[in-house]
Amino acid sequence: MTPHRPPSTQTIRVDLHTHTRWSPDASLRPAELVRRARDAGLDRIAVTDHGEIDGALEARTLAPDLVIVGEEIRCRGRTELIGLFLSERIPMGLPMEEVVDRIRDQDGVVYAPHPYAYPYRPGWHLRRAIAVADVVEVFNARAFLTVWNRTADSAARAQALPRAASSDAHFPSEIGRAHTEMAAFTSACGFLAAMRKARPVGLRLTHPGAHVVSLSMKAARLAAAASRRLADDGRRTVPASG
Ligand SMILES: [Zn+2]
């Protein structure tokens with residue numbers, strides 16, 4: 001029989017970077033994300049949509065014991081940060097320092113997602129999120145070039161920063177492909193304390209084709225929105241008959 005462990009020493013499995021369909025490039029309804037996360041054996045997940053927290057709030061209403069409300073925020077210069085334990089949405093496009101201030105004003109945690117990945121993006125900014133982070137994502141399951149995660153891991157170790165692994169799941173099959181094992185926590189403060197002894201595990205890369213599906217989904221949604229706008233404009237400019 002497995003001996004009972006008190007909550008303070010219980011090790012849990014946490015995925016700190018997941019998306020719902022509130023992100024333009026992801027498919028999961030909040031309820032489906034919750035169900036799939038439990039099926040994958042995760043004890044906690046952070047829901048971190050691009051520039052939105054409504055999906056995360058909905059997921060937390062469904063599963064307050066599971067969900068941490070977060071947001072993946074693109075800062076001015078295109079550096080990305082994730083705020084964890086948020087209560088309010090933070091707008092995209094603000095200077096990185098202001099995003100950090102807004103996360104901390106909410107008693108949140110600054111998480112640096114895939115800090116060395118995707119350097120081919122136009123306008124990619126050399127200022128690393130790692131410089132302001134409380135926790136560094138040293139394994140992102142979608143960061144398909146090994147060197148990106150390896151460099152993040154070296155940088156986090158060099159600065160003795162807490163290290164996490166996350167799935168960055170946009171689709172059901174991605175959930176839990178990477179996660180972090182750590183002591184149970186009940187607050188942002190407890191989370192940060194537990195992160196000091198956390199262990200990135202799982203570490204299974206997602207097929208790079210997931211990016212193609214995400215980009216196609218985003219393009220289709222943008223096209224649908226543009227088409228709706230054009231139809232609305234057309235209705236407004238047609239003179240009333242009779
Ligand atoms: Zn993401």
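The values are calculated or read from the model by the stated rules, or taken from the named source; none is laboratory data. All of these numbers come straight from a predicted model, not from anything done at the bench. Cβ: placed from backbone, ideal geometry, glycine included. Neighbour counts: every protein chain shown.
Residues are listed down the side, and each one gets a yes or a no for (1) touching a residue at least 60 places away in the same chain (Cβ under 8 Å); (2) away from the ligand (no atom under 16 Å from the Cβ):
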{"site": "Pro115", "(1), (2)": "no, no"}
{"site": "Ala169", "(1), (2)": "yes, no"}
{"site": "Ala178", "(1), (2)": "yes, no"}
{"site": "Arg196", "(1), (2)": "no, yes"}
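Hey, does the range 165-183 have a residue that's under 16 Å from the mean Cα position of the chain (by Cα) and over 19 Å from Asp39 (Cα atoms)? Looking for residues that are under 16 Å from the mean Cα position of the chain (by Cα) and over 19 Å from Asp39 (Cα atoms), one finds none in the range 165-183, hence no.
Within the range 155-192, being under 16 Å from Val110 (Cα atoms) and exposed (fewer than 14 other Cβ atoms within 10 Å of the Cβ) holds for Gln159, Ala160, Ser187, Cys189, Gly190.
The residue list Gly55, Gly70 contains one member that is in contact with a Leu (Cβ under 6 Å, 6 or more places away or on another chain), touching a residue at least 24 places away in the same chain (Cβ under 8 Å), under 19 Å from Ile175 (Cα atoms) and surrounded by 15 or more Cβ atoms within 10 Å (Cβ to Cβ), which is Gly70. The helices (runs of 4 or more DSSP H) found entirely in the range 146-242 that carry 1 or more residues being modelled with pLDDT of 80 or more and of a type in the set (Ser, Thr, Tyr) are 146-158. Looking only at the range 154-169, which residues are within 27 Å of Ser27 (Cβ to Cβ) and either out of contact with any Lys or Arg (no Cβ under 8 Å at 6 or more places or on another chain) or among the hydroxyl-bearing types (Ser, Thr, Tyr) (or both)? Matches in the range 154-169: Ala164, Ala165, Ser166, Ser167. Filtered by the rule that a residue be of a type in the set (Asp, Glu) and more than 12 Å from the ligand (Cβ to nearest atom), the range 4-51 gives Glu32, Asp39, Asp43.
Checked against the criterion of being basic (Lys, Arg) and more than 22 Å from Asp168 (Cα to Cα), the candidates Arg221, Arg229 yield just one match: Arg229.
Among residues of the range 110-139 being of a type in the set (Gly, Ala, Ser) and surrounded by fewer than 16 Cβ atoms within 10 Å (Cβ to Cβ), the one that is modelled with the highest pLDDT is Ala131. Cβ-Cβ contacts under 7 Å between residues 6 or more apart (or on different chains), taken from a first residue in the range 95-112 that is over 18 Å from Leu161 (Cβ atoms) to a second residue that is among the acidic types (Asp, Glu) and not in a strand (DSSP E or B), are listed as Gln106/Glu88. So which residues in the range 89-109 are closer than 17 Å to Arg60 by Cβ and loosely packed, with under 13 Cβ neighbours inside 10 Å, if there are any at all? Asp107 - this is the single residue of the range 89-109 that is closer than 17 Å to Arg60 by Cβ and loosely packed, with under 13 Cβ neighbours inside 10 Å.
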